[in-house]
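**Student:** Here it is, the structure, as structure tokens.
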Amino acid sequence: MALIEVDNVSRTFTVRSRKGRLRREKRQVNAVDGLTFQVAEGECVGYVGPNGAGKSTTVKMLTGILVPSGGRLRVAGVDPSRDRVRLAHRIGVVFGQRTTLWWDLPLRDSYEMARRIYRIPAGRFRANLDRCLELLDLGPLMDTPVRQLSLGQRMRGDIAAALLHDPQVLYLDEPTIGLDVVSRNRVRQFLREVNTERGTTVLLTTHDLTDIEQLCSRVMVIDHGRVVYDGGLEGLHAVGESERTLVVDLAEPCPPIAVEGARVVRVDGPRQWLAFPAARSAAPVVAAVAAGYPLVDLSVREPAIEDVISRMYAGEVAAPVRVG
Amino acid sequence: MADDRFPAPPGRLWWGLRVWWMTAAMWTRSALAYRTSFVLMTVGNLAITAMDFVIIAVMFHNIHSMGGWDFHQVAFLYATSSFAIGLADMLVGSIDALGNRIRQGTLDGIMVRPAPALAQMAADRFALRRLGRPLQATVILLWSLSGLRVQWTWDRMLMVPGLLVCGTAIFVALFVAGSCLQFWVADAAEVQNSFTFGGATMIQYPPTVFARELVAGAVFGIPLAFVNWLPALHILGQSDPLHLPAVLRFASPAAAALALAAAGLAWRAGLRAYRSTGS
Ligand SMILES: Nc1ncnc2c1ncn2[C@@H]1O[C@H](COP(=O)(O)OP(=O)(O)O)[C@@H](O)[C@H]1O
Ligand SMILES: [Mg+2]
């Protein structure tokens, strides 16, 4: 039995908006619409999609915050909205936009409160806390009031708080949004450790493709509340016909580079941008450029998830695709 | 789920009370981060509630009875009403911040914890300064009891603490049920305030000074009359302006139980109607 089972789940919101002076309009928004997927224990799943796709709504239904309008939902065998308080012991949640730490109190107090609310045995609490403090580098911040922490520090604090009770599933809704590179890397490393060493199932919502690349073996893309892609990252690039970009710096300005398997999309003095299919290796392109041009420096840029997804639509990817 | 990683839940009520206590303690510590304003607010609060009684005292400087009730009797009503709402306000009053949490979607963070959301919300932004009101009410109650001309039979003596408990419970139910409206109506906090604080002011005065319809509303509608009016008729030997069956004077525990049950149902329905915010 899968740990998370989502079967034809939908959620609508009634939105009232003012039209003109007196007229009021009621509109139904289908935030999630016939969503179906399963996640097995121990998986790390990237959950991506454009803004308003229904990612947060899905996470809120999986945690029992929102009651679905239709369909069937099971996490660890229970219906989240009916058994919310019991399920809470088995899940950890991090909302990137808002903290659940105690704002005016030192970080230490939030953890102590978690220990009592989750009724974590003292020994296990100590061990988990020590591990989190070390891996997230939080030790020196324990006595700092949360309101004085930077965004990255606070996010690390939130992630630690969500893991002290050894949850089976960890949901993260945009945990890396707005973080600096150092914090981002720490968070990613930590999450990888949690998933691979502890076996915690992770469902990660993000806009950053690098998060997914480094952490998730599986990506689910949703749009308009439906799964439009479910499979590996490689497959996503193939389906989305996405392209990576090779940025080359030449010794002097040259005419647009002509090599097999890539096309120039931009030229700016000695710098040129070449697009090539993301599913293919960069090596042959680089070799071809180096052979025919005075190459000084180069870098490869990954396609942005938004581009990949919008290409999927341009390419009329209609039905959900399941690739390996 | 017999798994030692997930402890069996303790009794619901007991666990709810413990969570309330832990949450209130955390908010008290948070408030102490701003020590000066904590002291100022406590003093200010005491001054404001004291004014309420000064007004009644000034009135009795000129009159000897109000609707057939003397000063000590009215003080009894004042003190019992003030005690009940004061204690209820301290226990669950912060729940009226629910509206903010609903609008900002910050109820989310409360709902993912393994603890009753009601217990956490009741102690949300818990403020120790609210202890001022029930303390002041206790002082006036003692003064009133010392001056009442009442034959203190055992039933009357038992009814005084019983009235305080039931009255507090009724106001707790009103706070919770009133705040629940905010799950459906964005700005319902005012409605709740007029029933709770407005109602508490009303029952500081004898029922005889109000229109019969208003008194009937407090018996059969919002059950404010059960807080102190009805039991006080028996304790103080006053006559009932509505001539209702005497059994109602002893019905406060039943009214409180009903009100609490109704508030609990409203809360559950409200939580299921919660829609968070888009993000
Ligand atoms: N509480 C709400 N009330 C009304 N509409 C909402 C609410 N929450 C989400 N929505 C709408 O549902 C859709 C999906 O939102 P959301 O799940 O937050 O998207 P995402 O997290 O993928 O950006 C959006 O159109 C959003 O406006
Ligand atoms: Mg979102």
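The values are calculated or read from the model by the stated rules, or taken from the named source; none is laboratory data. Keep in mind it's a predicted model, so treat the numbers as computed, not measured. With ideal geometry, Cβ positions are generated from the backbone for all residues, glycine too; neighbour counts draw on all protein chains shown.
**Student:** Take the conditions touching a residue at least 24 places away in the same chain (Cβ under 8 Å), within 16 Å of ligand 2 (Cβ to nearest atom) and either over 19 Å from the mean Cα position of the chain (by Cα) or assigned by TED's automatic domain parsing to the domain that holds A:GLU193 (or both) and apply them to A:LYS60. Does it pass? Spell out the reasoning first.
**Tutor:** Working: touching a residue at least 24 places away in the same chain (Cβ under 8 Å): no; within 16 Å of ligand 2 (Cβ to nearest atom): yes; either over 19 Å from the mean Cα position of the chain (by Cα) or assigned by TED's automatic domain parsing to the domain that holds A:GLU193 (or both): yes.
Judged against the criteria, A:LYS60 is not a match.
**Student:** If you don't mind, another one. So, in the stretch A:267-302, of the ones that are in contact (Cβ under 8 Å) with a residue 40 or more places away in the chain and part of a loop (DSSP other than H, G, I, E, B), which residue ends up surrounded by the most Cβ atoms within 10 Å (Cβ to Cβ)? It would help to see each step written out before you state the result.
**Tutor:** We begin by selecting, within the stretch A:267-302, every residue in contact (Cβ under 8 Å) with a residue 40 or more places away in the chain; these are A:277-279, A:286, A:289, A:293-302.
Still in the running and part of a loop (DSSP other than H, G, I, E, B): A:278-279, A:293-294, A:302.
Numbers: A:ALA278: 22, A:ALA279: 16, A:TYR293: 18, A:PRO294: 11, A:GLU302: 16.
Filtering first and then ranking leaves A:ALA278.
**Student:** Tally up the residues in the stretch A:218-228 that are touching a helix residue (DSSP H, G or I) at 6+ places or on another chain (Cβ under 8 Å) and either outside any strand (DSSP E or B) or over 22 Å from A:VAL29 (Cα atoms) (or both), please.
**Tutor:** Start the filter on the stretch A:218-228 by keeping residues that are touching a helix residue (DSSP H, G or I) at 6+ places or on another chain (Cβ under 8 Å), which leaves A:219, A:221-223, A:225, A:228.
Narrowing further to those that are either outside any strand (DSSP E or B) or over 22 Å from A:VAL29 (Cα atoms) (or both): A:219, A:225.
Selection size over the stretch A:218-228: 2.
**Student:** Would you be able to say whether some residue in the stretch A:261-270 is outside the structural domain of A:ASP223 (by TED's automatic domain parsing) and touching a Gly at 6+ places or on another chain (Cβ under 8 Å)?
**Tutor:** Taking the stretch A:261-270 as the starting set, the residues that turn out to be outside the structural domain of A:ASP223 (by TED's automatic domain parsing) are A:261-270.
Filter again for touching a Gly at 6+ places or on another chain (Cβ under 8 Å), leaving none.
No; the residues of the stretch A:261-270 include none that is outside the structural domain of A:ASP223 (by TED's automatic domain parsing) and touching a Gly at 6+ places or on another chain (Cβ under 8 Å).
**Student:** A follow-up question, please. Among residues belonging to the stretch B:191-207 that are surrounded by fewer than 17 Cβ atoms within 10 Å (Cβ to Cβ) and at pLDDT 90 or above, point out the one that is farthest from B:CYS180 (Cα to Cα). Can you show your working first?
**Tutor:** Taking the stretch B:191-207 first, the residues surrounded by fewer than 17 Cβ atoms within 10 Å (Cβ to Cβ) are B:191, B:193-194, B:197-198, B:201.
Okay, now just the ones that are also at pLDDT 90 or above, so B:197-198, B:201.
On the way: B:PHE197: 17, B:GLY198: 18, B:THR201: 22 Å.
Out of the qualifying residues, it is B:THR201.
**Student:** Working only within the stretch A:137-180, note down all residues that are at positive phi and not acidic (Asp, Glu).
**Tutor:** Our first condition is that a residue be at positive phi; within the stretch A:137-180, this holds for A:137, A:166, A:174, A:178.
Within the stretch A:137-180, A:GLY178 is the sole residue that qualifies.
**Student:** Kindly check whether there is at least one residue in the stretch A:77-85 that is in the same structural domain as A:VAL221 (by TED's automatic domain parsing), more than 14 Å from ligand 1 (Cβ to nearest atom) and in contact with a Pro (Cβ under 6 Å, 6 or more places away or on another chain). Can you show your working first?
**Tutor:** Step one: list which residues in the stretch A:77-85 are in the same structural domain as A:VAL221 (by TED's automatic domain parsing), which gives A:77-85.
Next, only the ones that are more than 14 Å from ligand 1 (Cβ to nearest atom) stay: A:77-85.
Narrowing the set further to residues that are in contact with a Pro (Cβ under 6 Å, 6 or more places away or on another chain) leaves A:85.
Checking the stretch A:77-85: at least one residue is in the same structural domain as A:VAL221 (by TED's automatic domain parsing), more than 14 Å from ligand 1 (Cβ to nearest atom) and in contact with a Pro (Cβ under 6 Å, 6 or more places away or on another chain).
**Student:** Evaluate the stretch A:125-137: report whether one residue or more is farther than 19 Å from A:VAL194 by Cα and either away from ligand 2 (no atom under 16 Å from the Cβ) or without any contact (Cβ under 8 Å) to a residue 12 or more places away in the chain (or both). Reasoning before the result, please.
**Tutor:** First, pick out the residues of the stretch A:125-137 that are farther than 19 Å from A:VAL194 by Cα: none.
No, the stretch A:125-137 contains no residue that is farther than 19 Å from A:VAL194 by Cα and either away from ligand 2 (no atom under 16 Å from the Cβ) or without any contact (Cβ under 8 Å) to a residue 12 or more places away in the chain (or both).
**Student:** Does B:ARG29 satisfy the criteria of being within 14 Å of another protein chain (Cβ to nearest Cβ), in a helix (DSSP H, G or I), touching an Asp or Glu at 6+ places or on another chain (Cβ under 8 Å) and over 23 Å from B:LEU230 (Cβ atoms)? Before the answer, list the steps.
**Tutor:** Working: within 14 Å of another protein chain (Cβ to nearest Cβ): yes; in a helix (DSSP H, G or I): yes; touching an Asp or Glu at 6+ places or on another chain (Cβ under 8 Å): yes; over 23 Å from B:LEU230 (Cβ atoms): yes.
The answer is yes for B:ARG29.
**Student:** I'm trying to understand the selection: among the residues of the stretch B:235-279, which are within 16 Å of ligand 2 (Cβ to nearest atom) and touching a Cys at 6+ places or on another chain (Cβ under 6 Å)? Before the answer, list the steps.
**Tutor:** Pass one, the stretch B:235-279, residues within 16 Å of ligand 2 (Cβ to nearest atom): B:275-279.
Residues satisfying the conditions do not exist here.
**Student:** Which count do you get for residues in the stretch A:1-21 that are modelled with pLDDT under 90 and within 30 Å of the chain's Cα centre (by Cα)? Give the derivation first.
**Tutor:** Step one: of the stretch A:1-21, the residues modelled with pLDDT under 90 are A:1, A:15-21.
Checking which are within 30 Å of the chain's Cα centre (by Cα) leaves us with A:1, A:15.
Looking only at that region, the number is 2.
**Student:** In the set A:ILE91, A:ILE65, which member is closer than 30 Å to B:GLY16 by Cβ, buried (at least 23 other Cβ atoms within 10 Å of the Cβ), within 12 Å of another protein chain (Cβ to nearest Cβ) and within 14 Å of ligand 2 (Cβ to nearest atom)? Please lay out each step first, then the result.
**Tutor:** Values: A:ILE91 fails: within 14 Å of ligand 2 (Cβ to nearest atom).
Exactly one of A:ILE91, A:ILE65 is closer than 30 Å to B:GLY16 by Cβ, buried (at least 23 other Cβ atoms within 10 Å of the Cβ), within 12 Å of another protein chain (Cβ to nearest Cβ) and within 14 Å of ligand 2 (Cβ to nearest atom), namely A:ILE65.
**Student:** I've got another one for you. Looking at (1) more than 9 Å from every other protein chain (Cβ to nearest Cβ); (2) among the small types (Gly, Ala, Ser); (3) buried (at least 17 other Cβ atoms within 10 Å of the Cβ), can you tell me which one A:GLY123 breaks?
**Tutor:** (3)
**Student:** Let me ask something else. Given B:ALA256, B:ALA211, B:ALA261, which one is in contact (Cβ under 8 Å) with a residue 12 or more places away in the chain and of a type in the set (A, V, I, L, M, F, W, C)?
**Tutor:** Numbers: B:ALA211 fails: in contact (Cβ under 8 Å) with a residue 12 or more places away in the chain; B:ALA261 fails: in contact (Cβ under 8 Å) with a residue 12 or more places away in the chain.
Of B:ALA256, B:ALA211, B:ALA261, the one residue that is in contact (Cβ under 8 Å) with a residue 12 or more places away in the chain and of a type in the set (A, V, I, L, M, F, W, C) is B:ALA256.
**Student:** From the list A:VAL259, A:VAL247, pick out the single residue that is farther than 24 Å from A:LEU164 by Cα, in a loop (DSSP other than H, G, I, E, B) and in contact with a Leu (Cβ under 8 Å, 6 or more places away or on another chain).
**Tutor:** Numbers: A:VAL247 fails: in a loop (DSSP other than H, G, I, E, B).
None of the others qualify; the one that does is A:VAL259.
**Student:** Just checking, how many residues over the stretch A:197-217 are charged (D, E, K, R) and either part of a strand (DSSP E or B) or within 16 Å of ligand 1 (Cβ to nearest atom) (or both)? Please lay out each step first, then the result.
**Tutor:** Step one: filter the stretch A:197-217 for residues charged (D, E, K, R), giving A:197-198, A:208, A:211, A:213.
In the following step, the residues that additionally are either part of a strand (DSSP E or B) or within 16 Å of ligand 1 (Cβ to nearest atom) (or both) were identified as A:208, A:211.
Qualifying residue count for the region: 2.
**Student:** Moving on to the next point. Could you say whether any residue in the stretch A:188-196 is away from ligand 1 (no atom under 16 Å from the Cβ), basic (Lys, Arg) and surrounded by fewer than 15 Cβ atoms within 10 Å (Cβ to Cβ)?
**Tutor:** From the stretch A:188-196, those away from ligand 1 (no atom under 16 Å from the Cβ) are A:188-196; that's our starting set.
Adding the requirement that they be basic (Lys, Arg) leaves A:188, A:192.
Narrowing further to those that are surrounded by fewer than 15 Cβ atoms within 10 Å (Cβ to Cβ): none.
No, the stretch A:188-196 contains no residue that is away from ligand 1 (no atom under 16 Å from the Cβ), basic (Lys, Arg) and surrounded by fewer than 15 Cβ atoms within 10 Å (Cβ to Cβ).
**Student:** Taking helices (runs of 4 or more DSSP H) that do not extend beyond the stretch B:193-274, which have at least 2 residues that are within 14 Å of chain A (Cβ to nearest Cβ) and of a type in the set (Lys, Arg)?
**Tutor:** Details: elements: B:199-202, B:212-220, B:229-236, B:252-273.
It comes to B:252-273.
**Student:** Hey, can you tell me all the residues within the stretch A:6-51 that are outside any strand (DSSP E or B) and within 16 Å of ligand 1 (Cβ to nearest atom)? Steps first, please.
**Tutor:** Taking the stretch A:6-51 as the starting set, the residues that turn out to be outside any strand (DSSP E or B) are A:19-23, A:40-43, A:49-51.
Hits for the stretch A:6-51 are A:GLY49, A:PRO50, A:ASN51.
**Student:** Can you tell me which residue is surrounded by the most Cβ atoms within 10 Å (Cβ to Cβ) among those in the stretch A:156-182 that are over 21 Å from A:LEU87 (Cβ atoms) and more than 16 Å from ligand 1 (Cβ to nearest atom)?
**Tutor:** Initial filter on the stretch A:156-182 (over 21 Å from A:LEU87 (Cβ atoms)): A:156-157, A:174, A:176-182.
After this cut, where a residue has to be more than 16 Å from ligand 1 (Cβ to nearest atom) as well, the list is A:156-157, A:179-182.
Values: A:ARG156: 26, A:GLY157: 24, A:LEU179: 21, A:ASP180: 11, A:VAL181: 8, A:VAL182: 10.
Top of the filtered list is A:ARG156.
**Student:** Now for a different question. Of these, A:THR58, A:THR100, which one is more than 10 Å from chain B (Cβ to nearest Cβ) and of a type outside the set (A, V, I, L, M, F, W, C)? I'd like the intermediate steps shown before the answer.
**Tutor:** Details: A:THR100 fails: more than 10 Å from chain B (Cβ to nearest Cβ).
After applying the criteria, what remains is A:THR58.
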